[in-house]
Each structure stands twice: as structure tokens, then as C-alpha cells.
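First comes the structure, then the notes that go with it.
The values are calculated or read from the model by the stated rules, or taken from the named source; none is laboratory data. Bear in mind the structure is a predicted one, so any value in this text is a computation, not a measurement. No Cβ is skipped: glycine too gets one built from the backbone with ideal geometry, and neighbour counts run over all protein chains shown.
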There are 2 protein chains.
Amino acid sequence: TGLVLLIQGLGLTAVILVAVWMGHFREGFAWTSDPAKEFNYHPVFMVIGLIFLYSDAILAYRVFRNVKKMYIKIVHGFIHLGALVFASVGLKAVFDSHNLAPTPIPNMYSLHSWLGIITVVLFGLQWLIGLLTFLAPGLSQGLRTLYMPHHVFWGVAILCMAAATALMGITEKAIFLKSTIQYTEKSTEGLVLNSLGIVIVALVALVAFVVTR
Amino acid sequence: TGLVLLIQGLGLTAVILVAVWMGHFREGFAWTSDPAKEFNYHPVFMVIGLIFLYSDAILAYRVFRNVKKMYIKIVHGFIHLGALVFASVGLKAVFDSHNLAPTPIPNMYSLHSWLGIITVVLFGLQWLIGLLTFLAPGLSQGLRTLYMPHHVFWGVAILCMAAATALMGITEKAIFLKSTIQYTEKSTEGLVLNSLGIVIVALVALVAFVVTR
Ligand code: HEM
Ligand code: HEM
Ligand code: HEM
Ligand code: HEM
Ligand SMILES: O=C1O[C@H]([C@@H](O)CO)C(O)=C1O
């Protein structure tokens, strides 16, 4: 439980760092009226959904040890649903920022976008299969037991993929802005975004550690 | 064992893709005489060491099932040592390419370089601790059994960190070259480097799957 608190702290730190990066250094947010600022919602929503909520949903089983199993299942499923919603809005923000730009930017050209889409699709599938297997009333206990280790393995694997995608996204944005933010000179903004990346790695490593214990 | 062959195939594919990228598209290799081309050794050596050899060393325990345990230990330890040597030369190449450039480029400013150094240091520590624990004659069996699950967990975790570092490195290089290689237009070079990234992800996911089974 000391570890669970530390993970919570790292999750909150990641959300704060990405919000400060986009809200303060990248000059805040707008919706479709200003596609360049609409982009800024993308990193924030992806980190809230696919890093922060994702980790919290997994930890639900470790936090509420004395609550009826059925209730935890519902909490776990709902937080993951929330993660999926944030991720979807975050994707809409970045696609808008490309399509609505004065000179539109092509979609789906980068390694970041390829792994990102794969991650979100797998996450959606995992959610659906989890729901069908563990909440559908008809299913035999045998099938559930058979699927369980795969549910846990892919649950952690997809979290790692989300983290790797986020690290590439941070790197892309940092290199796009390289000269504006003097990235090579170790500017404050550069330090903030590097720290965001390291916090995400520490967080995911600890979640994997807790789950495999 | 079908899986082990598939992993071998993916590992070789990754090495070929990174060699084609640097050797063909990025115009080949040189040592300190031409720092820009010395850089090209960096991705190749890091992928050979910290992705290909790293995976193979882990799989040694799954391949040689009927060989005396002590022999496998030595093979496992030696391949990891080889990985460390490739990684060190790969790091020398990139530091040279910064320090020996006509106008030197600062070191250690990027998230890629931060996570990269952390990864290599942890890998070196894991190697040392593994050697001391499993090959030092004096050590009690109890201590070995206690350390074993941590050795396996960190072995896989550091592999994931190496993969994430490689993905950021690929992304950095792609964005540096964005206009030269028409990355957004889905050029052949862009497709090669995106595929390299996806192959690395598939490889590491499969190694993790095999080890946790
Ligand atoms: C794990 C969460 C993430 C996922 C699944 C994800 C997914 C995506 C996808 C699918 C695109 C392509 C949009 C298009 O082609 O129109 C994209 C673009 C982009 N994302 Fe993310 N992203 C994530 C996190 C981040 C973060 C944390 C950043 C940090 C700044 C970021 C920065 C970018 C940038 C700069 C682009 C535009 C360049 C490109 O198309 O690659 N992303 N993202
Ligand atoms: C994308 C969505 C999902 C992901 C990534 C995911 C991931 C995980 C992970 C990593 C664990 C292991 C937790 C631990 O051992 O502490 C887990 C456990 C579990 N999940 Fe999910 N899950 C998802 C959706 C669902 C859904 C929709 C359900 C249906 C209610 C579900 C039901 C369960 C159950 C019953 C457990 C077993 C807990 C135990 O007995 O230890 N999951 N999930
Ligand atoms: C897992 C393996 C890898 C590790 C541990 C690693 C580590 C490092 C380190 C420590 C630096 C900083 C050098 C300096 O500051 O002088 C660096 C730079 C660099 N690496 Fe890698 N690297 C890896 C893989 C790759 C790959 C596969 C590429 C693909 C092209 C790549 C591209 C770059 C680039 C472009 C730089 C210069 C920009 C910067 O300093 O971030 N790296 N790498
Ligand atoms: C950085 C270097 C190293 C890494 C990343 C690493 C990683 C791993 C991993 C992931 C496994 C699990 C393999 C499996 O279950 O199939 C493993 C097993 C093992 N490693 Fe290492 N290892 C390293 C160095 C060493 C060294 C130097 C030794 C000393 C000889 C060693 C001794 C062992 C032993 C005895 C096992 C147990 C195999 C078993 O009984 O299943 N390792 N290592
Ligand atoms: O923020 C972004 O920057 C790039 C591009 O505009 C830089 O040339 C891109 O695709 C974004 O979404």
C-alpha cells in the first residue's frame, strides 16, 4: 500500500506536468476554433486516460481488498471506460489539429501514430473481452479461469505500449519545437517534458511490479 | 518453440531494417574521421546489443532445455556481456558524433538520452548482480531463490525500457530528417523506420509473453 500511494503520487505528477506543459508553456487550450491550441488537449487527455486512469483502474483490486468482488469489478470496468472516453476525445483533438489547420497536415504518418492507434484498438478490445468474460452472467467459471492470465498479461502489456507511445509523442513535440524552446540548452520547458517522460516510466514500472507480485 | 523461432525472426528483421536504414538510406558508416556517419553506428549497435542479443540471452533458458544448467548460465551471461559491449560502442559512436562535429552538439539534453543512460546503467547493474548471485560459488541457495523473481522482473523491465528508448531514438531521427525524407508523405525511408519500431514492439511483447508463461 505504500507502493500504491507512490503510484498515485506519480500519476498525479504526470497529469500536472503535462497540464503545465500544454497550459502554461504551450499557451493553453481551445477547441475547433483554433486547431493549433486544440492540439494541446491531445497530450493532456491521452495522459489522463491511458496513463493515470488506466493505472488507477488496475490498482482498484489492490486498494479495495475488503469490498465485495462484484463492486470492484464494476469500478475497474468503469474507470477503464473513462480512460477510453478520454483517449477518444484526445484522438479527436489531434486529428482536428491536423485536418483543420490552414494547410492541413497528413494523418497517420509517424511511428507514434501507428503504435498509438494499435494501442487504442487493443485497449478497446481488452475492454470488450473483459466485459464479456467477467460480467456476462452465462459464462462458465472454467473459461474465466482460462482467460484470466491473458487478461492480466495484456492489461500490463497495453499499458507499456501506451507509455511507449506517450514517450514518442513527447519526443516528437520536443523536436518539432527544438529551436523555439532551446531544447538542447536544457531550458525549463525541456526539463519539464523530460521529467514527464521519466515519471511515466517510473509509474508504469511500479504498476507492473505490483501486478506481478 | 514456434514462438522462439518467431522471436528469432523478428530479432533478425529488426537488425536488417536498422542496417538498411543507416547503411543504405543514411549513406553508410565511418568512424571518428566523419562524425556524421559515425552517428549511423549508434542505432545499429544499440539494436544489435540491447534488442537482439538481449532477447537471445533471455531465450537461452527456453532453447537449451536439455543442456546442463551451468552451461546455459555461462551462455546467458556471455551473450549479455556481448550486449553490453555493443551498447558501449554504440554510445561512444553517438557521443563522438556530438563532440567531434564541426559545431559540437550538446550532450544529454533529450528524454531519449536520459532514459537511454538509465537503461544502460540498470543493465550493467543487473549483469553484475546476476554474475555475483548465480555464479559466485560461496552464495547460499536461499539468497539465490530470494533474488530470482527480481532478476526475472528487472530483466524484462529493462528490456522494455531499452525498447522504449529505441522507439524515441527512431522518432527523433525521423523528425530531424522530416523534410529531407518527406516523412509526412509516407516515403520508403519513413515506412522502413516505422516498421523497425513496430517489429521491436512485437519482439519485446513476445519475449515478455514467453518469460511470464
Ligand atoms: C498514449 C497516448 C497517446 C496516443 C495513443 C497517441 C496517439 C496519436 C495518434 C494516433 C496520432 C496521429 C494523429 C493524426 O495522424 O492526425 C498522434 C499525433 C501526435 N501526438 Fe499523440 N498520442 C499519445 C500521446 C501523446 C503525447 C503524450 C504527446 C506529447 C506531446 C503526443 C504528441 C503527438 C504529436 C506531436 C502528434 C502529431 C504528429 C504525429 O502525427 O505523429 N501524443 N498521437
Ligand atoms: C481495457 C480494459 C482493461 C484492462 C487494461 C484491464 C486490466 C487488468 C489488469 C492488469 C488486471 C490485474 C490486476 C491485478 O492483478 O491487480 C485486471 C484484473 C481483472 N479485471 Fe481487468 N482490465 C480491463 C477491463 C476489464 C473489464 C471490462 C472487466 C469486467 C468487469 C475486467 C475484469 C477483471 C477481473 C475480474 C480481474 C481480476 C482481479 C483479480 O481477481 O485479481 N477487466 N484487469
Ligand atoms: C536502446 C537503445 C538506445 C540507447 C540506450 C540510446 C542512448 C542514447 C544516448 C545516451 C544518447 C545521448 C548522446 C549524447 O548526448 O551525446 C543518444 C543520442 C541519440 N540517439 Fe540513441 N540510444 C538508443 C537507440 C537509438 C536508436 C535505435 C536510434 C535511432 C535512430 C537512436 C537515435 C539517437 C539520436 C538521433 C541521438 C541524438 C539526439 C539526442 O541526443 O537525443 N538511438 N542515444
Ligand atoms: C543484464 C544482464 C541480465 C539480464 C537482463 C538477465 C535477464 C534474465 C531473465 C529475463 C531471465 C528469465 C529467463 C526465463 O525465465 O526464460 C533470467 C534468468 C536467469 N539468469 Fe539472467 N540476466 C542477466 C544476467 C545474468 C547473469 C550475469 C547471470 C549469471 C550467470 C544470470 C543468471 C540467470 C539464471 C540462473 C537464471 C534462471 C533461469 C531459470 O532457472 O529459469 N543472469 N535472466
Ligand atoms: O504540433 C505539431 O507539429 C507538427 C507540425 O506542424 C510541425 O511541422 C504536427 O504534425 C503537429 O501536430
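Of the numbered criteria (1) more than 19 Å from B:K173 (Cβ to Cβ); (2) at the interface with another protein chain (Cβ under 7 Å from one of its Cβ atoms); (3) surrounded by 17 or more Cβ atoms within 10 Å (Cβ to Cβ), the one A:V120 fails is (2).
Quick grid of which residues meet (1) more than 14 Å from ligand 5 (Cβ to nearest atom); (2) among the hydroxyl-bearing types (S, T, Y):
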| residue | (1), (2) |
| --- | --- |
| A:S33 | yes, yes |
| A:E38 | no, no |
| A:I48 | yes, no |
| A:I74 | yes, no |
| A:H80 | yes, no |
| A:S88 | yes, yes |
| A:D96 | no, no |
| A:I118 | yes, no |
| A:G124 | yes, no |
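Inside the range A:125-178, residues that are more than 14 Å from chain B (Cβ to nearest Cβ) and surrounded by 14 or more Cβ atoms within 10 Å (Cβ to Cβ) make up a count of 7. Screening the range B:7-37 for residues that are over 18 Å from the mean Cα position of the chain (by Cα) and farther than 22 Å from B:K178 by Cβ and picking the one that is surrounded by the most Cβ atoms within 10 Å (Cβ to Cβ) gives B:F29.
When every residue of the range A:80-100 is checked against the conditions, at least one turns out to be more than 16 Å from ligand 1 (Cβ to nearest atom) and of a type outside the set (V, I, T).
Looking at the range A:73-94, can you tell me whether even one residue there is surrounded by fewer than 18 Cβ atoms within 10 Å (Cβ to Cβ), within 24 Å of A:A208 (Cβ to Cβ) and touching a residue at least 60 places away in the same chain (Cβ under 8 Å)? Yes, there is a match, as at least one residue in the range A:73-94 is surrounded by fewer than 18 Cβ atoms within 10 Å (Cβ to Cβ), within 24 Å of A:A208 (Cβ to Cβ) and touching a residue at least 60 places away in the same chain (Cβ under 8 Å). With the range A:113-213 as the region, which helices (runs of 4 or more DSSP H) entirely inside it contain at least 2 residues that are hydrophobic (A, V, I, L, M, F, W, C), at pLDDT 95 or above and farther than 20 Å from B:M161 by Cα? Correct list: A:141-176.
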